[in-house]
Amino acid sequence: MLKIAIIGFGKMGKTIKSLAEQHGDKIVLTIDLENRADFTPENLRNADVAIEFSRPETAFDNVRTCLEAGVPVVSGTTGWLERMEEVKAICEANNGAFFYASNYSVGVNIFFAVNRYLAKLMSTQPQYDVRMEEVHHTQKLDHPSGTAITLAQGILQHISEKKAWTTHLQTSESQQFETAPHSLPIISKREAQVPGTHIVKWASEVDTIEISHVAHSREGFAKGAIAAAHWLVGRKGCFGMEEMLGF
């Protein structure tokens with residue numbers, strides 16, 4: 001049994017609480033906008049580990065507070081990764097433990113590996129061009145998703161013709177985008193009640209190869225975050241799903 005603090009008590013936080021309690025863990029602290037005053041080192045230290053799913057503008061401070069309190073922290077908030085090196089330095093300075101993933105679903109992380117392998121194969125097939133699409137619920141504020149960025153990074157590692165990814169928020173089906181030949185376009189859509197869909201398309205004049213991952217609920221993400229929390233306790237350093245899953 002773990003004693004868990006949940007930082008960010010929206011839909012994901014509530015799903016994590018429900019599944020963790022079913023697992024036999026104890027939620028000792030939940031923090032949201034209404035009770036930020038309770039987010040103190042003293043309260044955090046009642047927990048064995050914190051799980052942080054908040055907002056891009058608060059994630060860094062949330063993670064820093066946990067690490068400086070000596071509490072291992074699992075974070076799934078996306079849209080703030082420009083400060084990741086700072087977090088790693090804070091983690092090292094405090095001899096702490098930090099776990100980050102853009103997506104905690106085991107299926108998505110298998111999808112990441114398949115995406116990297118396909119990109120490696122396509123590195124010798126210049127007749128194919130690649131583009132991506134991601135669809136999420138309307139409450140998701142950042143675009144593209146962290147999962148889409150991870151997929152894009154896996155492609156850019158192998159396709160030297162693509163120098164960077166570009167993001168486009170599509171608000172209507174008729175909307176068209178012009179993309180530079182050396183960029184990897186990511187089309188983002190926001191629709192009601194969509195947990196998360198990611199599609200990678202490789203198209204030539206004669207055919208199209210497409211891989212996709214479709215989440216049916218938030219439970220896969222929540223279960224992965226809880227598993228990461230259990231895995232992290234007792235370790236020191238910065239980790240991700242590849243370390244936990246072994247691929």
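Panel order for C238, C66, by other beta carbons found within 10 Å of each beta carbon, from fewest to most: C238, C66. Placing unit charges on the Cβ atoms only, positive for Lys and Arg and negative for Asp and Glu, gives segment 1-139 a dipole magnitude near 360 debye about its Cα centre. Taken about its Cα centre, the chain carries a charge dipole of roughly 400 debye when the Cβ of each Lys and Arg holds +1 and the Cβ of each Asp and Glu holds -1.
Positive-end ranking of N43, Q176, G76 along the dipole of the chain, with charges on Cβ about the Cα centre, is headed by N43. For the pair I110 and L19 in one chain, pulling the backbone fully straight at 0.36 nm per residue adds 30.5 nm over the alpha carbon distance. What is the calculated FRET efficiency for V28 to K120, with r their C-beta to C-beta distance and R₀ = 35 Å, to the nearest 0.05? Computed FRET efficiency for V28 and K120 comes out at 0.20. Extending each Cα 7 Å along its Cβ direction at I211 and K163, get the distance between those two points in nm, one decimal. Those two pseudo-labels are separated by 2.7 nm. Distance between the pseudo-spin-label points of V233 and E86 (7 Å out from Cα toward the beta carbon): 3.0 nm. Counting only residues at least eight positions apart within a chain, or on another chain, the aspartates and glutamates with an alpha carbon under 12 Å from that of K140 are E191. Net length available on complete extension from E219 to E191 is 8.2 nm, with 0.36 nm assigned per residue and the Cα-Cα distance removed.
Among the chymotrypsin sites (Phe, Trp or Tyr not before Pro) within segment 170-227, those in coil by DSSP and having at most 16 neighbouring Cβ atoms inside 10 Å are F177. One decimal place: the segment H137-N35 gains 34.2 nm when fully extended, by the rule 0.36 nm per residue minus the C-alpha distance. The overall shape of the chain is prolate: from the C-alpha gyration tensor, with semi-axes ordered a ≥ b ≥ c, the ratio a/c is 1.5 or greater and a/b exceeds b/c.
Spin-label model, E173 to E242: label points 7 Å out along the Cα-to-beta-carbon direction sit 3.9 nm apart. As I understand it, the dipole of the chain uses +1 on the Cβ of Lys and Arg and -1 on the Cβ of Asp and Glu, about the Cα centre. Which of T15, V233, W165 lies farthest toward its positive end? The one lying farthest along the dipole's positive direction is V233. Structural descriptor for the chain: relative contact order 22 percent, calculated from alpha carbon pairs under 8 angstrom and at least 6 residues apart.
Each reported figure results from applying straightforward, stated rules to the coordinates on display, with no laboratory input. Computed from a prediction, not measured in an experiment: that's the story for all the values here. Glycine gets a Cβ as well: all are built from the backbone with ideal geometry, and neighbour counts include every protein chain shown.
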